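K.L.:
Below is one structure. I have some questions about it.
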Amino acid sequence: MAKALCPGSFDPPTCGHLDIIERAAQIFEHVVVGIPTNAHKKPLFTLDERLAMVRAITAHLPNVSVVPIPGLTVEAARQHGCRVIVRGMRAIQDFEYEFQMGLMNKRMAPDVETVFLLSDVRYSFVSSTLVKEVAAYGGSLDGLVPPLVAEQLLRKLGR
């Protein structure tokens, strides 16, 4: 079985992210969860905070490790011996971006495959952006993020 890289900004990690990681861990020998160090987005959480949260919520998965990604995703895949990049796909709006990214990665690293895992319907509408907005306005985070992440998010927002 191959090793897989599961990249993402995880700002914050959601139940949808965890679902994709857990399912990938059932398919692949080892899953490396990679978090970019130079995210184009302005993250709410620092890189260290995101690494710590993802490590904590995946601690029950012995074949999962969490690392920072300092550059290109395909370079991280190669560096960690991963022949597969796993991406979650929630809905049709994700398709165009993920398709373009998958093709660019294939151009740069023909030996690395991209595999898409469809989101569980329970999480098909969940995004880190929406979760942050719900938290900011005092909405319930139950079922959107793991409890540890909810605590961190509320603390970060001063609630």
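The values are calculated or read from the model by the stated rules, or taken from the named source; none is laboratory data. Model, not experiment: these values are computed from the prediction. Here the Cβ is made from the backbone with ideal geometry for all residues, glycine too, and neighbour counts use every protein chain on show.
K.L.:
Scan the range 32-51 for residues that are of a type outside the set (Gly, Ala, Ser), touching a strand residue (DSSP E or B) at 6+ places or on another chain (Cβ under 9 Å) and under 18 Å from GLU98 (Cβ atoms) and report the count.
P.N.:
Adding up the residues that qualify gives 3.
K.L.:
Another one. Working only within the range 1-27, note down all residues that are hydrophobic (A, V, I, L, M, F, W, C), surrounded by 17 or more Cβ atoms within 10 Å (Cβ to Cβ) and outside any loop (DSSP other than H, G, I, E, B).
P.N.:
Across the range 1-27, the qualifying residues are ALA4, LEU5, CYS6, CYS15, LEU18, ILE20, ILE21, ALA24, ALA25.
K.L.:
Now, a different point. Would you tally the residues in the range 133-149 being surrounded by 11 or more Cβ atoms within 10 Å (Cβ to Cβ) and over 20 Å from ARG90 (Cβ atoms)?
P.N.:
2
K.L.:
Checking ARG83 against (1) at pLDDT below 95; (2) among the basic types (Lys, Arg); (3) surrounded by 13 or more Cβ atoms within 10 Å (Cβ to Cβ), only one condition comes out false. Which one?
P.N.:
Of the numbered conditions (1) at pLDDT below 95; (2) among the basic types (Lys, Arg); (3) surrounded by 13 or more Cβ atoms within 10 Å (Cβ to Cβ), the odd one out for ARG83 is (1).
K.L.:
Taking the conditions exactly as written (at pLDDT 95 or above and either surrounded by fewer than 19 Cβ atoms within 10 Å (Cβ to Cβ) or under 29 Å from PHE125 (Cβ atoms) (or both)), does ARG90 satisfy them or not?
P.N.:
no
K.L.:
Can you pull out the helices (runs of 4 or more DSSP H) entirely within the range 50-155 that have at least 2 residues that are of a type in the set (Ser, Thr, Tyr)?
P.N.:
Counting at least 2 such residues, we get 128-136.
K.L.:
Something else about it: Considering the range 28-49 alone, what residues qualify as being part of a loop (DSSP other than H, G, I, E, B) and surrounded by 15 or more Cβ atoms within 10 Å (Cβ to Cβ)?
P.N.:
If the condition is that a residue be part of a loop (DSSP other than H, G, I, E, B) and surrounded by 15 or more Cβ atoms within 10 Å (Cβ to Cβ), then PHE28, ALA39, PRO43, LEU44, PHE45 are the ones that fit.
K.L.:
Here's a follow-up. Among the residues of the range 102-120, is there at least one that is modelled with pLDDT under 95, loosely packed, with under 13 Cβ neighbours inside 10 Å and under 18 Å from the mean Cα position of the chain (by Cα)?
P.N.:
The answer is no; no qualifying residue exists.
K.L.:
Follow-up. Going by the structure shown, is LEU130 in contact with a Gly (Cβ under 7 Å, 6 or more places away or on another chain) and either at pLDDT below 95 or surrounded by fewer than 18 Cβ atoms within 10 Å (Cβ to Cβ) (or both)?
P.N.:
Against the criterion (in contact with a Gly (Cβ under 7 Å, 6 or more places away or on another chain) and either at pLDDT below 95 or surrounded by fewer than 18 Cβ atoms within 10 Å (Cβ to Cβ) (or both)), LEU130 does not qualify.
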